[in-house]
There are 2 protein chains.
Amino acid sequence: MTLPFKIEAQAGTARLGCIQTAHGAVETPAFMPVGTVGSVKAVPQDVLEELDAHIILGNTYHLYLRPGHELVRSLGGLHKFMSWDRALLTDSGGFQVFSLGDLTKVSEEGVTFRSHLDGTSHLFTPERSMEIQIALGSDIVMAFDECTEHSAERERSRTSMEMTLRWARRSKEYFDAHKHEVPWTQIAGSTPATPALSGIVQGGMYADLRRESAERTVEMIAAALEVLPKDKPRYVMGVGYPHEIVQYAAMGVDMMDCVLPTRAGRHGLLFTSEGRMNIKNARFAQDQGPADPKCSCKVCARYSRAYLRHLFVAAEPLAGLLNTIHNLAFYLDTMRAVRHAIRLGDLSGLLSASVSLA
Amino acid sequence: MTLPFKIEAQAGTARLGCIQTAHGAVETPAFMPVGTVGSVKAVPQDVLEELDAHIILGNTYHLYLRPGHELVRSLGGLHKFMSWDRALLTDSGGFQVFSLGDLTKVSEEGVTFRSHLDGTSHLFTPERSMEIQIALGSDIVMAFDECTEHSAERERSRTSMEMTLRWARRSKEYFDAHKHEVPWTQIAGSTPATPALSGIVQGGMYADLRRESAERTVEMIAAALEVLPKDKPRYVMGVGYPHEIVQYAAMGVDMMDCVLPTRAGRHGLLFTSEGRMNIKNARFAQDQGPADPKCSCKVCARYSRAYLRHLFVAAEPLAGLLNTIHNLAFYLDTMRAVRHAIRLGDLSGLLSASVSLA
């Protein structure tokens, strides 16, 4: 099943759209908070709902290792397990296998790696990645990819791209044969009743290889996604700073995810309409103003910079939660502003305002 | 000013009452969550309001060291600093000086100690403790006490009690002369417009010394508290397990505080109507039921034991928050049940039910 996606307005290369999943609609361009192991770190699900997040991301590698996809399946899938009725996207596990797994070995079959948790040996193949994501009950499943290192040379990038394309075919074959096995198909009456598979464009930092990869990924999983550009949602994984997500949206990207707002929040870095703010800075010790005077989130409505600084300096657990709530509000508000600007037909003001904060 | 306290009903030795503070009424018997450094660990203030906590405790020792009582005063007091409009009680700092301070030395003047944070040297006297608590803007200020070690022998206990009584007199003198300096007297129109001072009964584990201490504390701060028993609220500090707080309430205790529900929550120990539950236990891995089937808190309404166990095992920051919210709900619900039973005139059912969980 392809991902139902409707483009509602355009402004230059930017598109305003809507992705229909079995767990609700997702307005695009969308920023997806990362819920690595079934929790957007520190944030209760009712607060994510208040923040009006319509989709969050789960990490296949982490959830496979702990609590395990079979356990999650037996409990009705990740939505039910974590009490989240809205959309979920899972990544393929490829990136984490390469960045977190130990002693990683790649072959045509897949990737063997040792768990960063307990050193046990595991094999991820395209089929295994699909099986895990389907067991988790993801709404949007990502094809299994080999993740090229940033510094890869051209020949290495080409080899990796070729492998990712062969793995995309295998992902699609397994996905098509098993997509009806998601735990929620038995219980949900929603439309669409199966998840959707998304391809991954590889090719290192070489623009022409990325282009070729995009074109050939399109050929490989044509039945699922038909053509990557124009009429299908485009998802750039793992980006970025607030000004970057505005720029990507302006270029025509529809979906993004990043740990930055959550991770930075836990480390005391706040994103605001006035730029980045390290809340532990002594100059905030007596600052009675909100973190961001232009922000209407529940943290800015209630707490002062002085209090947020105190919580962070005293290593109070509440610090991480409040900083994270504000940062997520700032990212989600930024995307709301982007969508509003596209509807009005002009992103230029938002672009120049956001670039000035870079 | 004495603490306005009205007893509304009695059941045996237990009393149902109401303490009027400048920041609202507190129904008693009351359990007070501990907000050590201006935050009930992990819990946002709006959740404390949802839990219907009417009073929380702040620790004078911690707040004095960080962020500092002068800073808190300059920002309008602890209520404003932490955005908490309801009642606040501060302890005297005595207990933490003895339990956390290094190289503690006691003299007639007071206690010198080194900060557990940075080793700097400080002196707490009865006057200093009052000054700090008034600067914080506490609604209920505790007299400065020497904290006798649990194993103290009789002569040591007597000496300590005598010192605490002399310090109580000094506390009261300073308090009476400066109580109008609380930061909120200038801004609040509420009644009463000053905080109240509470005496502390010492005397180690010897019942007769505790009795003498109680009687003599009464003499010392008579104008503030008149007589400890019967018509004034009685506060037992630092207790206890759920069955203990029910027993204390039955004996006629009106106020209690303890870090147990918050600290235990962060360590995965949940208090429930079925007894204590270590959520990391493997038997909860597939348990789809709520932490406590009889609890109506927002955690039990939404999340399963399996999910709470997963969060704890995966060391997710959300674990501490959800466990803490449930535990606080359980403690506050327990006190609500106690108050209801007193109103109905019979605590026996609640007492035997709670003891069976001990």
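Points worth noting:
- In this structure, residue A:302 and residue A:208 have a Cβ-Cβ separation that, at R0 = 56 Å, corresponds to a calculated FRET efficiency of about 0.60.
- Charge tally for residue B:303 (other residues, Cβ to Cβ under 13 Å; Lys, Arg +1; Asp, Glu -1): +1.
- Under 5 Å between amide hydrogens, built in the peptide plane, is the criterion, and for residue B:58 it picks out B:35, B:89, B:90, B:91 among residues at least 5 positions away or on other chains.
- Annotation: amide H-H contacts under 5 Å for residue B:196 (H modelled 1.01 Å from N, sequence separation of 5 or more, or interchain): B:140, B:141.
- Label geometry 7 Å along the beta-carbon vector: residue A:123 inter-copy distances in nm: 7.5
- Taking the C-alpha atoms only, the angle from helix B:126-136 to the longest principal axis of chain B is near 50 degrees.
- Cα extents for segment A:1-91 along the principal axes, largest to smallest and rounded to whole angstrom: 44, 31, 20.
- Placing a label point 7 Å from Cα along the Cα-to-Cβ axis, residue A:71 is separated from the same position in the other copies by 4.1 nm, shortest listed first.
- Using the Cβ of residue B:118 as centre and a radius below 13 Å, the other residues enclosed give a net charge of +1, where K and R count +1 and D and E count -1.
- Heavy-atom accessible area, 1.4 Å probe, ligands and nucleic acids excluded: residues of segment A:274-300 down by at least 20 Å² from chain alone: A:285, A:286, A:288, A:298
- Chain A - share of DSSP beta bridges that are antiparallel (%, nearest 5): 60
- Selection from A:5, A:33, A:199, by position along the positive dipole direction of chain A (Cβ): A:33
- Applying 1/(1 + (r/R0)^6) with R0 = 22 Å to the Cβ-Cβ distance of residue A:118 and residue B:267 gives a FRET efficiency near 0.50.
- Karplus-based coupling profile of segment A:31-46, in residue order and whole Hz: 9, 9, x, 9, x, 2, 10, x, 7, 6, 3, 5, 9, x, 4, 5, with θ = phi - 60° in 6.51 cos²θ - 1.76 cosθ + 1.60 and x standing for Gly or Pro.
- Sorting B:108-118, A:31-41 by their mean Cβ neighbour count within 10 Å, with the most densely packed peptide first, gives A:31-41, B:108-118.
- Using alpha-carbon coordinates, inclination of helix A:154-178 to the longest axis of chain A, degrees: 80
- Nearest-first distances (nm) between copies at residue B:231, label 7 Å from Cα via Cβ: 8.6
- Other-chain or far-sequence residues with amide H under 5 Å of residue B:32's (modelled H): B:256, B:257, B:258
- With a cut-off of 19 Å on the backbone N, the residues of segment B:277-301 near the modelled label site 7 Å out from residue B:353 along Cα-Cβ are B:277, B:290-298, B:300-301.
- Protein heavy-atom accessible area occluded, A/B pair - total, 1.4 Å probe, Å²: 3200
- For segment B:318-333, residues shielded by at least 30 square angstrom of accessible area compared with the chain on its own, probe 1.4 Å: B:318, B:321
- Accessible area expressed per residue, chain B, with surrounding protein chains retained (probe 1.4 Å, Å²): 38
- Pairs of lysine residues in chain A that meet both criteria, 8 or more places apart or on different chains and Cα atoms under 22 Å apart, total 11.
- For chain B, carbon and sulfur atoms together expose 53% of the accessible surface, with a 1.4 angstrom probe and every protein chain in place.
The values are calculated or read from the model by the stated rules, or taken from the named source; none is laboratory data. Please read all numbers here as calculations on a predicted model, not as lab measurements. When we count neighbours, we look across all protein chains shown, and the Cβ atoms used for this are built from the backbone with ideal geometry, even at glycine. These accessible areas exclude ligands, DNA and RNA; they are computed on the full protein's heavy atoms, side chains included. Shrake-Rupley method; radii C 1.70, N 1.55, O 1.52, S 1.80 Å.
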